[in-house]
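Notes for the one structure printed next.
The values are calculated or read from the model by the stated rules, or taken from the named source; none is laboratory data. Not measured: the values here are computed from a predicted model. Every residue, glycine among them, receives a Cβ derived from its backbone with ideal geometry; neighbour counts consider all protein chains shown.
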Amino acid sequence: MNLTSSSSYVMDDYFYQPLLLSILAVALLQVVKLVLTRPGSPRFPPGPWELPVIGGMHHLVNVLPHRALRDLARVHGPLMMLRLGQTPMVVVSSKETARAVLKTHDTNFATRPKLLAGEIVGYEWVDILFAPSGDYWRKLRQLCAAEILSPKRVLSFRHIREDEVRLRVEEIRAAAGVNAPVNLSVMFHSITNSIVSRAAFGKKRPNAAEFLSATKAVVSLSSGFNIPDLFPTWTKALARLSGMTRSLRDIHKTVDTILQEIIDERKAVRDEKIRNGASPRTSTRTSSTCSSGCRRRAGSGSNSPTASSRPSYWSVDMFAGGTGTSGSAMEWAMSELMRNQRVMKKLQGQIREAFQGKTTITEDHLQASNLRYLKLVIKEALRLHPPAPMLVPRESIEACEVDGYTIPAKSRVVVNAWAIGRDPRYWDRADEFVPERFEDGAVDFTGGSYEFLPFGSGRRMCPGFNYGLASMELALAGLLFHFDWSLPEGVQEVDMDEAPGLGVRRRSPLILCATPYVPPPTTTTITA
C-alpha cells in the first residue's frame, strides 16, 4: 500500500512539474509581449519563426518563393514581415495592402534597395531599374519613355515584329507537314530576342546570343534574394567568397564591350555622313538614346553617372525587361490555351474569321479587326502567370504605418502579385483559366486595379508593358491563325510545373505539334 502511494506521488510529480513550468513560461511570454507592445513601442507586422543569424531564410530553401510566401501569408496575414539575414523583408499579399504600399505610401516605397548587381553592372545604380528615387531617376524615366517606349516609338518598330513573326511561321511550314514538333519555348524567346535586338541595334548581331546570356544572368543576380544582398554589412566579403562579384564583373565586361563596339560603329557612320555633307540621322535607338542620355545626364545631380560611364544600362534594362518576360508570358499563354480547348477553339475561330483570305497578319490587321477576345486571353494568362510574380523589390525610405503596423525604414518590400492574382477573395474560380472574367473592362493592367498587377503600379510601374504586349498579340495571332496545335504523341496533358527562380518560367520546354491550317473552300451559289 505504501509502495503504491509512493508511486502515485512520483507520477504526480512527473505530471505537475512540466505543467507548472509550461504555465510559468506562458505567463512570462505574455509579460514580455505586454512590455514590447506597451503604448509608444512600434508594432511590427507578424511573421514566421526565425533562427539566429539567418532569420527566416530557411523558409525559402528549395521552394518557389512566390508560393512559399503565399502559404506563409495565409497563416500570418496579408502584411507579413520576416528577416532574411540582416534584411527585414515585408511581404504584401492582398489587394488592400498593395494599394496602401503602391498608392497611399507610394512616395515612401518608390526607391530600390542597393543590390550588388546594380552597383557593378548598373554603374552604381544609375539605370532606370536600380536608380534610387529622386530627380535623376525621374528625368531618366521621362527620357526613356519619350525615346524608346512611347506609343509612337513602339509603333515605329511594328515592321520588325511583323517580319520576325512571319519568319517563324515560314520556319514551321518548312520544317515538316502534319504534326511537325515545334519547341515553342525556344521560338517565343527567339522572337522577343530578335525584336529587341533589331530595335536596339538596328540589326541582328553575331554576338547577340552572348549579350542576351549576360542580361539573363543579370536578372537572376538581381532578385534581392542572393545571400550577399541579404547581409549588407558583409556584402562585399560574401560576394567575393561566393563568386558573385566575379560573375557580375564578367557580365559587366561582356555587356560594356559589345555596346561600346556598337556605339563606335554608329559614330563612325555618323561621322562619315557628316564628312560627305549629308544630314546625320541616327538609324538605331541605341545611338540616339545614348546621345540624348549623355546630354541630359550632365547636370542631373549627385546620383548621375560620371562622365566616363558607358550607356550600357539603357540596353541592359531594355533587354532584361523586353525579352525573358515577354517570351515567358507567351509560353504560359499558349500552355493555358492547350489545357483549355474551349478557349482555344473560341479564340482560333475568331482570328480565322477576322482574317479570312489573308496570307499573313499585320498589326494594321489586328487594329482594324479589334480582336477583343485575344486581349482577354492575354489578360487572363498574365493574371495566372505574371512576368515578375513578386514584382521588383522596393525599399522603404522612412518608417511608416501600413494597416496599423510599423514598417521600419530600409525595409525591403515585395508585392506578391502572383498570390493576389489567384486570391479567391477577388476572383471566382481563381485557379481556372477563364478569359471572360475580364469582359466588363473593369479590371485592367494599367496599375489602377490592385487585384491585378502583372506590371506593378505607381511610380515604379513597368514603363514598357505596351512594348511587350504588341509582340505578344501579334505572335499569338499569327501562330493560331496559320496552324492547328496538338500535344506530341504519348503526351496526355501539358506539364505546368514552374522552374525555380523569380521569373517563374516553365520547368520543361513547351513542345507542341503544328499542322498547317487549310481554310475550307468558299462556297458559291450558282443561279440559273
Does region 423-433 hold any residues that are of a type outside the set (Phe, Trp, Tyr), surrounded by 12 or more Cβ atoms within 10 Å (Cβ to Cβ) and without any contact (Cβ under 8 Å) to a residue 60 or more places away in the chain, and which are they? Ala430, Glu432
Would you check if Val90 is closer than 20 Å to Arg43 by Cβ and either modelled with pLDDT of 95 or more or buried (at least 19 other Cβ atoms within 10 Å of the Cβ) (or both)? yes
Taking region 181-193 and the residues there that are of a type in the set (A, V, I, L, M) and within 15 Å of Leu480 (Cα to Cα), the one that is surrounded by the most Cβ atoms within 10 Å (Cβ to Cβ) would be Leu184
Would you mention how many residues in region 441-496 are out of contact with any strand residue (DSSP E or B) (no Cβ under 9 Å at 6 or more places or on another chain) and of a type in the set (A, V, I, L, M, F, W, C)? 17
Tell me, please, whether a residue that is out of contact with any Ser or Thr (no Cβ under 7 Å at 6 or more places or on another chain), at pLDDT 95 or above and closer than 17 Å to Met496 by Cβ can be found in region 342-360. yes
What helices (runs of 4 or more DSSP H) lie completely within region 115-230 and have 2 or more residues being of a type in the set (Ser, Thr, Tyr) and at pLDDT below 85? 208-220
Any idea how many residues of region 440-453 are loosely packed, with under 11 Cβ neighbours inside 10 Å and charged (D, E, K, R)? 1
So Met80 passes all but one of these: (1) surrounded by 17 or more Cβ atoms within 10 Å (Cβ to Cβ); (2) part of a helix (DSSP H, G or I); (3) more than 18 Å from the chain's Cα centre (by Cα). Which condition number does it fail? (2)
